[in-house]
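> Let me begin by handing over the structure; questions about it come next.
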Amino acid sequence: MNIVDLKYGNRKFSGKIPAARILQPQLLPSSIAPDALISSALAQPIGTAPLAEIVKPGETVAIVTSDITRYSGSELYLPLLVAELNRCGIADGDIEIIIALGIHRYQTEVEQHKIVGSLYGRIAVYDHECDDPDELVDLGITDSGIPVEINRRVVAADRVIVTGTIGFHYFAGFGGGRKGLVPGVASRKTCMASHFAVFNPPEIGGKHPAAVTGVMAGNPVNKNLLQAARLVNPDFLLNTVLSAQKEIVGVFCGDLEAAHLAGCEPVRELFQVTVSQLADLAVVSCGGEPKDINFIQAQKALDYGSQAVKEGGTIILLAACHDGFGNDNFFDWFRYQDLDEFETALRENYQINGQTAHATLAKSRRFRIILVSEFSVEQTAAMGMEKANDLQSALDLIMPELDARSEIVVIPDGGMVVPVLEEKF
C-alpha cells in the first residue's frame, strides 16, 4: 500500500491506496518571474497595438477581473497593468476595477483585497450586480438571438480591459477570454440565454456534442459567449495561464479572441493527460481552495475526472465546499431525480446552476461517487452520491470490491487536469 496526500480545502487528507497511476500536469522547467512575463506580454500583445497606442490621457478605463472562485494571479498583474496605464497618462481616479461575479455572490472586503492586492484602497473596486436593472445597459441582440445586458460601469468607460485566467471549462471549452465579460459582467438574463445552447434542440434532446471540455470550434456555448462579448467591444485582454501550484507560467495579452486562443494551447499541453485504459476507481482532489470553495466549482473536477473512469466505475471526490453549494437555488434542482423530467424542467426554465445540477446527477447515475465534503448525508444522497468523512473512510468503502487487476488512478489537481483516452488503431 502507498500513502497519498491530497488537498482538501486549506488542508490535506491522507489515505492508503494500492499501486495507482498518478495523473499530473506536465512538469515545467524553472519559469520566468511573473512580473517579467506580464510586462513582456503587455509590450507584445497579440492582435492589437500596445496599450500606449490604444488609451489616451484623460480617458476612463474599466478593468474587469475574476472573483475569488477563480484564482488568476490578479494581485500580481493588476498593479502592473495599472502602472502601465499610469505611464500612458491614465490617472488612478479614472480607473475602475469591476469584479466579474456573473451570478455569484458578492465578495467580502477581505476577498476584494486578495483579488486586487496592493491596489486595494487606491483604485475604486466594484462588485458586478447581475439583477439590478439600474446597473445594466442593453447592448442589443446577437446574431444568435442572445439579449446582451452589461454592467453600466463597463459600458460607460472609454476603454475596457478584460482580465482573468485560462483553463478548461466543462461545457464552454475553455474559461477565460470572453467569459470575463459574459457571464462575468452580464445580466442574469444574458447569462441564462447564452448558456442555454448547451442543450440540443428539443426534438433531438440531450446535451450538444460540441459543448464539452476543451472544444471551441463548433461549440454553441462558446459561439454565444463570444458574440455577446464582442458587443461590449473590449479594447484589450490580459489572461494568465497558471501551473497546478497557482504560479503564473504564461501571460497572453491583446485581442479578446486571438490572445485567448493563443493561451488555450499551452493549457491543453500542460493539463491534458492521456490514459491508455479507463479506470475502475479514480481518486480525485479538486486541488484545494478555491477549486473546491463550493460545489459549483468543485463539480468541474468531477466532470474532468469522470473521463478517466469506465461506465459503472467509482469516483472518490475530495471537495470541502466550505462555502456551500455556491448558489442558493442549486440544491433545489435535485427535487428532480428523473433525468428526463429534469431536462424538461430546465428547458422550461433554464438556469445555469440547474444545468450544473443536471450534469452532476447524470454522472451520479453513470458512476458510483463517494463525496468527501462538508455536506450532510442527506444533501450528499440527494445529489446521488455517498458521503465519507475523509479520504481513508472513502477508500474503505470501495477497496473490498476491487482486486489486483483493478485499474486505479489518482488525480491530485482534478480542477485542472483533463484525462483523455488514448486512441487505438
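Throughout, read-outs are computed from the coordinates displayed, never taken from laboratory work. Bear in mind the structure is a predicted one, so any value in this text is a computation, not a measurement. Using ideal geometry, Cβ is built from the backbone for each residue, glycine included, and neighbour counts are taken over all protein chains shown.
> Could you work out how much longer the chain between HIS322 and ILE54 gets when fully extended? Use 0.36 nm per residue separation minus the Cα distance between them, nm to one decimal.
Contour length minus the Cα-Cα distance gives 92.2 nm.
> With θ set to phi - 60°, apply the Karplus curve 6.51 cos²θ - 1.76 cosθ + 1.60 along the range 97-106 and write out the HN-Hα couplings as whole Hz, x wherever there is a Gly or Pro.
10, 10, 7, 7, 6, x, 10, 7, 6, 5
> What residues have an amide H closer than 5 Å to that of LYS12, excluding those fewer than 5 places away on the same chain, when H is modeled at 1.01 Å from N in the peptide plane?
Here the answer is none, since no amide H 5 or more places off falls under 5 Å of that of LYS12.
> Net charge near ASN200: determine it from the other residues with C-beta under 13 Å of the C-beta of ASN200, scoring Lys and Arg +1 and Asp and Glu -1.
So the environment of ASN200 carries a net charge of 0.
> With everything on Cα atoms, drop me the angle between helix 220-232 and the longest principal axis of the chain, reported from 0 to 90° to the nearest 10.
Approximately 20 degrees, to the nearest 10.
> I'd like the orientation of helix 258-271 relative to the chain: the angle between its Cα long axis and the longest Cα principal axis, in ° from 0 to 90, rounded to 10.
30
> Taking the Cβ of SER118 as the center, what net charge do the other residues with Cβ under 13 Å away carry, scoring Lys and Arg +1 and Asp and Glu -1?
It works out to a net charge of -1.
> Now for a separate question. Between GLN277 and ARG365, what FRET efficiency follows from the Cβ-Cβ distance if R0 is 25 Å, with the result rounded to 0.05?
0.65
> For the residue pair ALA381 and ARG335, what label-to-label distance in nm results when each label sits 7 Å from Cα along the Cα-to-beta-carbon direction?
That separation, rounded to one decimal, is 2.0 nm.
> Please find, in a Gaussian network model of the chain (springs between Cα atoms separated by less than 10 Å), the residue of LEU256, LEU371, LEU346 whose mean-square fluctuation is greatest.
Of LEU256, LEU371, LEU346, the most mobile in the Gaussian network model is LEU346.
> Fewest Cβ neighbours within 10 Å first, please rank PHE174, PHE334 accordingly.
Ranked by crowding around the Cβ, least crowded first: PHE334, PHE174.
> Also, I was wondering about something else. Check which residues have an amide H placed less than 5 Å from LEU139's amide H, if you skip close sequence neighbours.
VAL148, GLU149, ILE150
> Moving on. Could you compute the net charge surrounding LEU346? Neighbours are other residues with a C-beta less than 14 Å from the C-beta of LEU346; K and R count +1, D and E count -1.
With Lys, Arg at +1 and Asp, Glu at -1, the net is -3.
> Then there's this: Of ALA52, PHE168, GLN379, which is farthest on the positive side of the dipole of the chain, counting Cα position, with +1 on Lys and Arg Cβ, -1 on Asp and Glu Cβ, and the Cα centre as origin?
Of the candidates, PHE168 comes out farthest on the positive side.
> Just to be sure I understand: with springs between alpha-carbon atoms less than 10 Å apart, which residue in PHE199, PHE271, PHE252 has the highest mean-square fluctuation in the Gaussian network model of the chain?
Fluctuation is largest for PHE199.
> If I fit a long axis through the Cα atoms of helix 34-43 and take the longest principal axis of the Cα atoms of the chain, what angle between them do I get, 0 to 90°, rounded to 10?
50
> Follow-up question, since we're still on this one. With 10 angstrom as the radius, rank ILE99, ILE54, ILE68 by how many other C-beta atoms surround their C-beta, starting from the fewest.
ILE54, ILE68, ILE99
> Based on the alpha-carbon set only, what is the convex hull volume of the range 34-269 divided per residue, in Å³?
It comes to 120 Å³ per residue, whole-number rounded.
> Give me the distance in nm between label points sitting 7 Å out from Cα along the Cα-to-Cβ direction at SER31 and SER14, one decimal.
2.9
> What's the exposure ranking of MET416, MET399, going from fewest to most Cβ atoms within 10 Å?
MET399, MET416
> Restricting to Cα pairs below 8 Å that are 6+ residues apart, what does the relative contact order work out to for the chain? Please round to a whole percent.
Normalised by residue count, the contact order of the chain is 20 percent.
> I would also like to ask the following. Report, for the chain, the % of DSSP beta bridges that are antiparallel, rounded to 5.
About 35 percent, rounded to the nearest 5.
> Which cross-chain or sequence-distant (5 or more) residues have an amide H under 5 Å from the amide H of VAL410, H modelled 1.01 Å from N in plane?
ARG21, ILE22, LEU23, VAL283
> What spacing in nm lies between the two simple spin-label points modelled at GLU423 and GLU265, each 7 Å away from Cα in the Cβ direction?
1.9
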